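The values are calculated or read from the model by the stated rules, or taken from the named source; none is laboratory data. Remember, predicted model here, so these are calculated numbers, not experimental data. FYI the Cβ positions are ideal-geometry reconstructions off the backbone, even for glycines, and counts take in every protein chain you see. Calculation scope for accessible area: heavy atoms of the full protein, side chains included, ligands and nucleic acids excluded. Shrake-Rupley method; radii C 1.70, N 1.55, O 1.52, S 1.80 Å.
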Amino acid sequence: MGLAASQGRYLCLTARNSDLVYEGQQISQQRLALTKETQQVADKYNEAMSNTIMQATTVEGGTQQLTYDVITSQDPFSGLCMRLVDLNGSVVMPADYLEVTATNPDGKSYTKNYSSTEDFIKKFYPEATGDELASLQMMSLEAIGKHYTENNPDSGVSVDFKNKHNSSIVKEGEAVLKDINCLDPKYIQEMISSGQWFLQQASADPDEPWEDVMWQGSTAISEVYDTSDDAAAEAEYESAMTEIQKRDKLLELRLEQVQTEQSAVAKEMDSIKSVIDKNIESSFTTFS
């Protein structure tokens, strides 16, 4: 092989070697990303396996998840006869809302609450415009719920107006915080656990009819591990880990191929470099 041909071949091999080095670096980066993804999957699994729920124990001795209805029910056999207040002392209530029960395409029913006519209209009257839309916007929450039920009897959607105003837990002149999220047990637990909401129970003092309750020391409230989602979390974890391992194995095999090819290219480069050196040495000998 002549000097020019050898030099051309050497340059091609150098370029190929650079490509292989770059590809190897890219594969290493992808495997590193998989390591981070594995950690995220593991963290999600550990969180699901260690999450807790608050439970309420009523006079009857029955245990159930802590909900707004259980907290505020003034029947000692079905509730805790308490109330929720925020950091400012305002009594927490969900305000008026529409409880909508429908069925998913998979046949499972679900319930969602709407505390504003605007949100309800966006969901159930998406094509309403002009006078129709203006008329709907003028309706009260209770009225628009009845309107939908009467005009869509075969929709399979149940719309019920709910009013949780409970005069027995609010004395005259007290501030009220209306938060639809208080109907979500997980949200209630988060707010109580973080100290943003507090529990109060009735007291014997007529001047101070409600007194604070520390849920940590209450026999009526306990915190236990939530095992209801453990099976699903484990199945999701195993599926995700299997997929990550498959992808990592493919990357590992490709990296081995790249390293093998790079080794072969390096050997050929050494061989051609030796030929080039001999050609140069021969040329200098000829003209010396």
Which of GLN257, PRO206, THR57, positive extreme of dipole for the chain (C-beta unit charges) = GLN257
ask   = Which is the longest part of the chain that has none of the trypsin sites (Lys or Arg not before Pro) sitting in a DSSP loop with at most 13 other Cβ atoms within 10 Å?
value = 172-288
task = Quickly estimate the mean residue ellipticity at 222 nm for the chain, helices only: each DSSP H run with n ≥ 4 gives -39500 (n - 2.57), and the total goes over all residues, rounded to 500.
result = -17500 deg cm²/dmol
remark   = Carbon plus sulfur, as percent of the 1.4 Å-probe accessible area of segment 138-288, comes to 50
ask   = In segment 1-159, what is the volume of the convex hull around the alpha carbon atoms, normalised per residue and reported in Å³?
value = 337
query = Where in the chain lies the longest segment free of chymotrypsin sites (Phe, Trp or Tyr not before Pro) that are both loop residues by DSSP (not H, G, I, E, B) and have at most 11 other Cβ atoms within 10 Å?
reply = 78-286
ask   = Given the options SER155, SER274, SER222, which has the most mean-square fluctuation in a GNM of the chain, springs set between C-alpha atoms less than 10 angstrom apart?
value = SER274
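What's the Kirkwood radius of segment 150-211 in Å, using all Cα pairs? Each step should come with its number before you reach the end.
Numbers: mean 1/r = 0.0661 Å⁻¹.
Evaluated on segment 150-211, it is 15.1 Å.
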key: Dipole of the chain, positive direction: furthest Cα of GLY173, ALA232, TYR10, with charges on the beta-carbon   = TYR10
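Where only protein heavy atoms count, and the probe is 1.4 Å, what is the accessible area per residue for the chain in Å²? Working shown, then result.
Numbers: 18080 Å² over 288 residues.
The answer is 63 Å² per residue.
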query = Name the GluC sites (Glu not before Pro) in segment 136-174 that are in a loop by DSSP and that have at most 13 other C-beta atoms within 10 Å, would you?
reply = GLU172, GLU174
ask   = If you average over every viewing direction, what projected area does the convex hull of the Cα atoms of the chain give, in nm²?
value = 29.9
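If the viscosity is 0.692 mPa s and the temperature 37 °C, what translational diffusion coefficient in µm²/s does Stokes-Einstein give for segment 136-249 when Rh comes from Kirkwood over Cα pairs?
On the way: Rh = 19.8 Å.
Estimated via Stokes-Einstein, D reaches 166 µm²/s.
Exactly which GluC sites (Glu not before Pro) in segment 50-137 are in a DSSP loop and have at most 13 other Cβ atoms within 10 Å?
Values: sites: GLU60, GLU99, GLU118, GLU127, GLU132; in loops: GLU60, GLU127.
Answer in residue order: GLU60, GLU127.
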ask   = Where the centroid of each part is defined by its Cα atoms, how far is segment 224-254 from segment 45-84 in Å?
value = 33
